[in-house]
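I have a structure here, written as structure tokens, and I will follow up with some questions on it.
None of the figures in this text is laboratory data; all of them are computed from the coordinates on show. All values reported here derive from a predicted model rather than from experimental measurement. Glycine gets a Cβ as well: all are built from the backbone with ideal geometry, and neighbour counts include every protein chain shown.
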Amino acid sequence: MRLARPVGDITQGVIWKQLLTLFVPLWFGTFFQQLYNTVDTVVVGRFVGKVALAAVGSTGVIVNLTVGIFTGLAAGAVVVIAQRYGARQGEEVHKSVHTAMLLSVIIGAVFMVVGFVLTPWALRAMDTTADALPGAILYQRVYFLGMIPNVIYNMGTGVLRAVGDSKRPLYFLIAASLCNIVLDLLLVVVVPLGVLGVAIATVASQVLSAVLVVISLVRSQGAPFQFFPSQLKLHRQPMSAIMKVGVPTALQSVMYSASNIVIQSCINSFDTDAVAAWTAYGKMDILFWMTITALSQALTTFAGQNYGAGKYDRLKKSVKIS
């Protein structure tokens, strides 16, 4: 099935405007995604204490590692779906979307189990301070229980980005971030659950964002990327294409995060005050990473659609502009 020019098509028009239109929502989306852990650290630091702050802060690099892996795998779906969307191959878009969504459930389940089991070992290997270790284990394990909705959200927003829609993912993240802030305050200040409270708030917010993404895809009536839960299936060719792009991208993110884990391990060898100070600095450093990530995601979507449409001249120009 070959499509007419679809909504979200970026194979025609002014290149720099289209890149900017993609980039801005992606940047703010990355900001709100990072806001989860940041809000958790602020709330526990203000209302619980520096040990709780160090506990949540010690998990930051592991959280960033998992987010990086999921973003990398989602990039595989973005490239594959964007190429087929740009080429107007409706049936291939349909297969790729349902393959990607089922992959997200499988990958999320694997990470949930493995992460839950290995959390104590990983935090000890990072030399997490003794006073912060129990809280860090608790926070990280609850976080891993939310892996399936976490991956579904990343993959689902990858589908939307692939078809040129970077605004709805931003709206969903804003809603989830507001939910996280309200629940953090409720479960720490009103109901004094401490580290457990902020962990529950984070997972609940991730579930909300995943539900919003799925509803959005299900309600995309008549679009080739409309999601039908009953039609979930691993189609071999799309799955191979997604993994071919997604795995190397995820590994690249792993290498970056691994270096941060080594640094965090060194910081953890100092006292709790040093860990808390490093946690605060890390929230500033992430701003640079956010900008680079948003720009690369915008270019990935643009390049995918134009490559699929055979618009190689636009592809070359977009690289120069970026």
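Which pairs break 20 Å Cα to Cα here: Lys167/Lys233; Lys17/Lys316; Lys244/Lys320; Lys244/Lys311?
Lys167/Lys233; Lys244/Lys320; Lys244/Lys311, as the Cα separations exceed 20 Å there.
Between the stretch 118-191 and the stretch 36-87, what's the alpha-carbon centroid distance in Å?
Here the answer is 6 Å between Cα centres.
Please list, in order along the stretch 211-218, the HN-Hα scalar couplings obtained from phi with the Karplus expression 6.51 cos²θ - 1.76 cosθ + 1.60 (θ = phi - 60°), rounded to whole Hz, x for Gly and Pro.
Per-residue couplings from phi come out as 4, 5, 5, 4, 4, 4, 5, 5 Hz.
Fewest to most neighbouring Cβ within 10 Å: what's the order for Arg219, Arg88?
Placing the least packed residue first, the sequence is Arg219, Arg88.
Another question, then. Suppose we keep just the alpha-carbon trace of the stretch 112-158; what are its Rg and Dmax in angstrom?
12.6, 39
Restricting to Cα pairs below 8 Å that are 6+ residues apart, what does the relative contact order work out to for the stretch 49-321? Please round to a whole percent. Please report the intermediate quantities before stating the final value.
Numbers: 387 pairs, mean separation 103.1, N = 273.
RCO, the stretch 49-321: 38 percent.
Under Stokes-Einstein, with the Kirkwood radius over Cα pairs standing in for Rh, what whole-number D in µm²/s applies to the stretch 26-71 at 4 °C and 1.567 mPa s?
The Stokes-Einstein estimate is 116 µm²/s.
Another one. Could you work out how far apart the two model spin labels at Met255 and Arg46 are, taking each label as a point 7 Å from the Cα in the direction of the beta carbon, and quote it in nm?
The modelled label-to-label distance comes out at 4.0 nm.
Continuing with this model, one more query. Which of Val80, Val48 has the fewest other C-beta atoms within 10 Å, and how do the rest follow up to the most? Mind showing how you got there, number by number?
Details: Val80 31, Val48 21.
Least to most surrounded, the residues fall as Val48, Val80.
Let me ask you something else. Whole-Hz ³J(HN,Hα) for each residue in the stretch 296-306, computed from phi via Karplus 6.51 cos²θ - 1.76 cosθ + 1.60 with θ = phi - 60°, x for glycine and proline: what do you get?
5, 5, 4, 5, 4, 4, 4, 5, x, 5, 6
Quick one: Karplus J couplings for the stretch 310-322, per residue in order, coefficients 6.51, -1.76, 1.60, θ = phi - 60°, nearest Hz, x for Gly and Pro?
My calculation for the stretch 310-322 gives x, 8, 5, 5, 5, 4, 5, 5, 5, 5, 5, 5, 5 Hz in order.
A follow-up question, please. Under the rule of at least 5 residues apart or a separate chain, name every residue whose amide H is placed under 5 Å from the amide H of Gln89.
The list, which skips near neighbours in sequence, is Leu3.
Sticking with this structure for a sec: Under 18 Å from a point placed 7 Å out from the Cα of Asp285 along the Cα-to-Cβ direction: which residues of the stretch 53-77 have their backbone N that close?
Flagged as within label range: 54-69.
Starting from one equal scatterer on each C-alpha and no solvent at all, send me the Debye-based log10 I(q)/I(0) for the stretch 49-321 at q = 0.08, 0.12, 0.15 Å⁻¹, two decimals.
Once normalised to I(0) and log-transformed, intensities are -0.35, -0.76, -1.12.
Still on this structure: Would you order His98, His235 from fewest to most other beta-carbon atoms within 10 Å of each residue's own beta-carbon?
Working: His98 22, His235 17.
Fewest to most other Cβ atoms nearby, the residues stand as His235, His98.
Looking only at Cα atoms, what is the convex hull volume of the stretch 149-212 per residue, in Å³?
Cα-based convex hull of the stretch 149-212, divided per residue, equals 58 Å³.
May I pose another question? log₁₀ I(q)/I(0) of the stretch 1-129 at q = 0.15 Å⁻¹, via Debye over equal Cα point scatterers, no solvent, to two decimals?
The calculated log intensity ratios at q = 0.15 Å⁻¹ are -0.92.
Is the stretch 96-220 best put as rounded, prolate or oblate by its Cα gyration tensor, with a ≥ b ≥ c the root eigenvalues, rounded for a/c under 1.5, and otherwise prolate when a/b is larger than b/c, oblate when not?
Cα axes put the stretch 96-220 in the oblate bin.
Still on this structure, please answer the following. Starting from the Cα-Cα distance between Phe228 and Leu196, subtract it from 0.36 nm times their residue separation and give me the gain in nm to one decimal.
8.0 nm
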